[in-house]
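The values are calculated or read from the model by the stated rules, or taken from the named source; none is laboratory data. Bear in mind that the values here come from a model prediction, so they are computed numbers and not experimental data. Using ideal geometry, Cβ is built from the backbone for each residue, glycine included, and neighbour counts are taken over all protein chains shown.
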């Protein structure tokens, strides 16, 4: 079974802090994704990566950056956290195009 | 623009009955579709997928039907159980590896 592990289930940070969310997958998947999930808005793609050191903007990249130094790890960075970034963050990975994405259990992030 | 929608935000069924969850998509170029199940406090879990060259695919207690003529996707769950209570999402792939997700239908199973 594919396992996607997100480092924290719950996180509370303050406005203006730099926040790191970590994601690791154990199936040698090429593609990795970061989403946020908000009530009434569904899942929205923030950033994705098709290879190591490669990144592409998703639909809502503003205020975020990412890092993929190793194939198995994809980090989401909130450069200066704001209250409107309070959300559930979900990481996913897939073997390739036309393959299902497998999700972690999410990090519920609160920015105070 | 592209959108993937589910017809009903909530579906309530009796335990043991069959459930049908519907999804409409708008992009005729979509070539791959996935159904996910999300339980409270967990991430979406892959259930079943179907490619655009098929119109039906069966799994364990689940069947996905694809009607490309009317751009409609459905998930059928046989003999619904309390453990099936969750939010169900459809997602479509438009040849890019990115997925577009619907809003989700909450399935409530009454004992």
Checklist (1) over 25 Å from residue A:96 (Cβ atoms); (2) surrounded by 14 or more Cβ atoms within 10 Å (Cβ to Cβ) applied to residue B:69, failing item: (2)
Candidates B:69, B:63 - the one that is farther than 20 Å from residue A:44 by Cβ, at pLDDT below 95 and away from chain A (no Cβ under 14 Å): B:69
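Among the residues of region A:20-29, count how many are on the phi < 0 side of the Ramachandran plot and surrounded by fewer than 18 Cβ atoms within 10 Å (Cβ to Cβ).
4
For region A:33-44, state whether one or more residues are more than 14 Å from every other protein chain (Cβ to nearest Cβ) and either touching a residue at least 24 places away in the same chain (Cβ under 8 Å) or under 13 Å from residue A:107 (Cβ atoms) (or both).
Initially, region A:33-44 is screened for residues more than 14 Å from every other protein chain (Cβ to nearest Cβ), giving none.
No.
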Qualifying residue in region A:95-103 (condition: more than 10 Å from chain B (Cβ to nearest Cβ), within 12 Å of the chain's Cα centre (by Cα) and either surrounded by fewer than 18 Cβ atoms within 10 Å (Cβ to Cβ) or not in a loop (DSSP other than H, G, I, E, B) (or both)): no
Conditions (1) closer than 28 Å to residue A:108 by Cβ; (2) out of contact with any helix residue (DSSP H, G or I) (no Cβ under 6 Å at 6 or more places or on another chain); (3) in a strand (DSSP E or B): number failed by residue B:33: (1)
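In region B:82-111, how many are assigned to a loop (DSSP other than H, G, I, E, B) and surrounded by fewer than 17 Cβ atoms within 10 Å (Cβ to Cβ)? Before the answer, list the steps.
To start, the set of residues in region B:82-111 that are assigned to a loop (DSSP other than H, G, I, E, B) comprises B:85, B:94-98, B:102-104, B:111.
Restricting the remaining residues to those that are surrounded by fewer than 17 Cβ atoms within 10 Å (Cβ to Cβ) gives B:94-96, B:111.
Summing the residues that are assigned to a loop (DSSP other than H, G, I, E, B) and surrounded by fewer than 17 Cβ atoms within 10 Å (Cβ to Cβ) in region B:82-111 gives 4.
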Failed condition for residue B:8, given (1) under 14 Å from the mean Cα position of the chain (by Cα); (2) within 23 Å of residue A:100 (Cβ to Cβ): (2)
Given (1) assigned to a loop (DSSP other than H, G, I, E, B); (2) within 12 Å of chain A (Cβ to nearest Cβ), index of the condition residue B:79 fails: (2)
Positions within region B:36-58 being more than 27 Å from residue B:108 (Cβ to Cβ) and either in contact (Cβ under 8 Å) with a residue 40 or more places away in the chain or part of a loop (DSSP other than H, G, I, E, B) (or both), in sequence order: B:52, B:53, B:54, B:55
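Can you name the strands (runs of 3 or more DSSP E) wholly within region A:1-85 that have at least 3 residues being within 17 Å of residue B:96 (Cα to Cα)? Write out each step before concluding.
Working: elements: A:4-6, A:10-13, A:19-25, A:31-38, A:42-49, A:64-70, A:73-78.
Strands (runs of 3 or more DSSP E) meeting the threshold: A:31-38, A:42-49.
Residue-wise test of (1) touching a strand residue (DSSP E or B) at 6+ places or on another chain (Cβ under 7 Å); (2) at pLDDT below 95.
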site	(1), (2)
B:1	no, yes
B:10	yes, yes
B:15	yes, no
B:25	yes, yes
B:28	no, yes
B:41	no, yes
Test result for residue A:90, facing chain B (nearest Cβ under 9 Å), part of a strand (DSSP E or B) and at pLDDT below 95: no
